[in-house]
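Enquirer: The structure is given below, and queries will be raised subsequently.
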Amino acid sequence: MLTFPLISLVTAFQFLSEPKFEAQEIDAAVAIGYGMAIGDVDGDGKEDILLADKKQIVWYRNGAWEKHIIAENLTASDNVCIAARDLDGDGKVEIAVGAQWNPGETSDTTKSGAVFYLVRPADPTQPWTPKQLHHEPTTHRMRWLENGKKSYLIVVPLHGRGNANGEGAGVKVIAYEYPKNPAGDWTYEVIDESMHLTHNMDVAADQNSKSFLLGGKEGVKTITKEGRTWNTTPFPLPENDGVGELRMGLTENQTHFLATVEPIHGNQLVAYDLVPGTRTVLSDQLKEGHALAVGDFLGLGSDQIAVGWRVPNAAGELGVKLFVPKNSSFTEFEEYWIDKNGMACEDLQAADLDGDGKPELIASGRATKNLKIYWNKN
């Protein structure tokens with residue numbers, strides 16, 4: 001069974017000046033901006049931005065950030081998620097997307113849910129060919145997972161079949177094995193049905209991607225590929241009201257902490273120290289918290305936590321904030337605005353876009369209908 005090391009922050013975290021991020025809006029006409037992925041689409045060695053928007057799947061080329069349509073109008077309802085990763089080592093990402101977003105229909109597969117692998121053309125600026133795969137209703141999140149010589153597309157619905165209000169059948173978490181010919185037949189298996197309302201997932205890349213974390217109504221679970229079997233174990237957290245977003249972060253000693261938004265679409269940003277099982281609320285001023293990213297943006301040798309929310313809170317504020325740990329017990333943080341009222345944050349990613357070794361933040365906005373890069377100037 002895979003276990004995660006416990007938190008051990010030994011450095012005195014001090015960041016004396018305001019973090020410096022320079023915003024660049026690269027698209028002011030986003031329809032919803034459901035989800036993003038980061039990866040090299042054209043093989044030029046630079047990280048590009050991919051976006052699953054309402055009716056279009058698009059990518060923005062690193063540099064001038066010109067926009068290219070990968071696919072559009074895949075289904076009658078909206079696109080909802082995207083996964084991009086170089087699986088065959090050619091320096092260019094493979095792409096899968098989820099569509100037919102209809103969360104109120106949990107039974108009819110013709111009216112809810114769709115999964116597509118997108119077959120690359122010779123010129124990636126031209127339309128890609130959609131290959132439709134098996135799906136469950138309310139398909140909601142997906143990530144690529146590499147396990148030894150095999151790669152899998154992990155797809156998670158929001159609900160189990162026929163569910164209402166998170167009650168009923170378990171959510172069918174599906175692993176699709178990436179085939180030698182992705183334009184041909186794909187095999188898949190249901191690997192877990194123990195949760196009844198899920199929201200997001202995080203692949204533990206530092207553990208050779210043998211596992212991923214799944215968050216939802218029943219907290220967090222670890223799903224691990226061990227040999228030919230997939231094993232599910234509850235992640236050891238103190239009692240909570242459910243987990244919406246989650247990201248595993250690293251300390252300077254390469255040990256772990258867990259950041260979450262609670263409950264689903266919730267108002268709290270939470271950090272977990274797994275022993276003695278402490279739960280620290282960093283903020284309860286979110287409204288519809290919907291995005292998390294972790295990274296060492298400030299060069300402290302340990303990750304910081306960025307969070308975004310998409311609806312104005314009681315103070316009339318929305319946007320993106322950065323939380324920086326102040327002490328070794330991981331219970332005190334300084335908070336800084338990255339974007340105040342200019343980003344109704346639907347998704348948030350961290351990636352080094354300019355190759356200087358410092359990660360940028362990238363955010364897509366729902367009500368603000370925009371896509372921004374926050375260039376790291378620290």
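Enquirer: Just checking, how many residues over region 54-98 are among the β-branched types (Val, Ile, Thr) and more than 21 Å from the chain's Cα centre (by Cα)?
Expert: Residues meeting the conditions: 2.
Enquirer: Now a separate question. Here are Ala315, Ala293: which of them is surrounded by 23 or more Cβ atoms within 10 Å (Cβ to Cβ), farther than 17 Å from Ser17 by Cα and modelled with pLDDT of 95 or more?
Expert: Details: Ala315 fails: surrounded by 23 or more Cβ atoms within 10 Å (Cβ to Cβ).
Just one listed residue meets the conditions, Ala293.
Enquirer: Considering only residues that are open to solvent by less than 80 Å² (accessible area, probe 1.4 Å) and in a loop (DSSP other than H, G, I, E, B), which ones fall in region 174-190?
Expert: Taking region 174-190 and keeping what is open to solvent by less than 80 Å² (accessible area, probe 1.4 Å), we get 174-179, 182-184, 186, 189-190.
Within region 174-190, Tyr178, Pro179, Pro182, Ala183, Gly184, Trp186 meet the criteria.
Enquirer: Among the polar types (S, T, N, Q) and modelled with pLDDT of 95 or more: is that true of Asn163 in this structure? Walk me through it before giving the result.
Expert: On the way: among the polar types (S, T, N, Q): yes; modelled with pLDDT of 95 or more: no.
It is false that Asn163 is among the polar types (S, T, N, Q) and modelled with pLDDT of 95 or more.
Enquirer: May I ask you to verify whether Ile70 is touching a Phe, Trp or Tyr at 6+ places or on another chain (Cβ under 7 Å) and either open to solvent by less than 60 Å² (accessible area, probe 1.4 Å) or modelled with pLDDT of 95 or more (or both)? Reasoning before the result, please.
Expert: Details: touching a Phe, Trp or Tyr at 6+ places or on another chain (Cβ under 7 Å): yes; either open to solvent by less than 60 Å² (accessible area, probe 1.4 Å) or modelled with pLDDT of 95 or more (or both): yes.
In short, yes.
Enquirer: Among the residues that make up region 139-149, is at least one of them among the aliphatic types (A, V, I, L, M) and in a loop (DSSP other than H, G, I, E, B)? Step through it out loud before you land on a result.
Expert: Initial filter on region 139-149 (among the aliphatic types (A, V, I, L, M)): 142, 145.
The next check asks that each one be in a loop (DSSP other than H, G, I, E, B); those that pass are none.
So far as region 139-149 goes, no, none of its residues is among the aliphatic types (A, V, I, L, M) and in a loop (DSSP other than H, G, I, E, B).
Enquirer: Right, something else. Take region 265-277 and flag every residue that is at pLDDT 75 or above and open to solvent by 50 Å² or more (accessible area, probe 1.4 Å).
Expert: His265, Asn267
The values are calculated or read from the model by the stated rules, or taken from the named source; none is laboratory data. Predicted, not measured: the structure shown is a model, and the values here were computed from it. Cβ sites come from the backbone with ideal geometry, for glycine too, and all protein chains shown count toward neighbours. Accessible surface is based on the protein model in full, side chains and every heavy atom, while ligands, DNA and RNA are left aside. Shrake-Rupley method; radii C 1.70, N 1.55, O 1.52, S 1.80 Å.
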